[in-house]
Amino acid sequence: MNIRNPRVEALLDEVADLTGEGKTEAGRRALEERRERLRATMGAEFPRTDCPLA
């Protein structure tokens with residue numbers, strides 16, 4: 001993962017430290033959790049893709 005934004009890098013470091021996960025795993029889980037929250041609030045309006053991770 002190549003992050004060029006210092007604020008994002010700091011947030012990722014903090015989440016990884018708090019969870020004890022590596023940065024990649026912490027980022028992946030954070031994104032999955034956000035995706036689920038968005039889907040829950042947007043319901044059927046959420047655009048679906050053919051992505052195997054969706």
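Can you pull out every residue in the range 11-30 that is β-branched (V, I, T) and closer than 12 Å to M1 by Cα? Steps first, answer last, please.
Here is the first cut: in the range 11-30, the residues β-branched (V, I, T) are 15, 19, 24.
The one that is β-branched (V, I, T) and closer than 12 Å to M1 by Cα: T24.
Filter the range 2-45 down to residues that are small (G, A, S) and on the phi < 0 side of the Ramachandran plot and give me whichever is most open to solvent (accessible area, probe 1.4 Å).
A44
The values are calculated or read from the model by the stated rules, or taken from the named source; none is laboratory data. All of these numbers come straight from a predicted model, not from anything done at the bench. SASA here: full protein model, heavy atoms, side chains in, ligands and nucleic acids out. Shrake-Rupley method; radii C 1.70, N 1.55, O 1.52, S 1.80 Å.
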